[in-house]
1. So which of Y78, Y93 is modelled with pLDDT under 65, open to solvent by 70 Å² or more (accessible area, probe 1.4 Å) and touching a strand residue (DSSP E or B) at 6+ places or on another chain (Cβ under 8 Å)?
Amino acid sequence: MIMKSLRRICFCGPLAVVLLAGFLAAYPRPAAKGSGITKANFDRIVEGMTQQDVEGIFGCPPGNYTNGQAFSGISMKYRMKYEGIRREFWTGYGGDIEVAFSKEDGKVVAKHCMETEIILKPTWLDRIKGLFKDVFSARS
């Protein structure tokens, strides 16, 4: 009786693991927040859209979706100079996008897109090398 139970456990345990792994692999995962910030989606934005329409295209509200690895270079390089506008920025790995909305009616009046500028953070190995570099350069 014990051997029969042991055989069932030995057969059913790995089978359950394989079935669970197959289910998890086939289960659809939601897209990462900010993954819709792309040049292709930027091209879909037309004058007269509302911010809600733009958020629907990108799949998220304005913000930085790069886990702090990028900054909005648009604000420094291409400042839109329009009177009576409100500027919103979407920064993702697929692009850095600025959309200007009229303060009057809240509709898109201008847009700009550029490649995202990624800030490479030093790895732990780079940090250790930096510590030793400082120690050895102080002796010279």
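1. On the way: Y93 fails: modelled with pLDDT under 65.
Within the list Y78, Y93, the selection yields Y78.
Residues are listed down the side, and each one gets a yes or a no for (1) open to solvent by less than 60 Å² (accessible area, probe 1.4 Å); (2) within 16 Å of Y93 (Cβ to Cβ); (3) in contact with a Gly (Cβ under 9 Å, 6 or more places away or on another chain); (4) at pLDDT below 90:
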site: M1; (1), (2), (3), (4): no, no, no, yes
site: R8; (1), (2), (3), (4): no, no, no, yes
site: A40; (1), (2), (3), (4): no, yes, yes, no
site: V46; (1), (2), (3), (4): no, no, no, no
site: Q51; (1), (2), (3), (4): yes, no, yes, no
site: A70; (1), (2), (3), (4): yes, yes, yes, yes
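The values are calculated or read from the model by the stated rules, or taken from the named source; none is laboratory data. It should be emphasised that the depicted structure is a prediction, and the values quoted were computed from it without experimental measurement. Please note: Cβ atoms are built from the backbone with ideal geometry, for glycine as well, and neighbour counts cover all protein chains shown. Ligands, DNA and RNA are stripped out before the accessible areas are found, and what is left, the full protein with its side chains, is counted by its heavy atoms. Shrake-Rupley method; radii C 1.70, N 1.55, O 1.52, S 1.80 Å.
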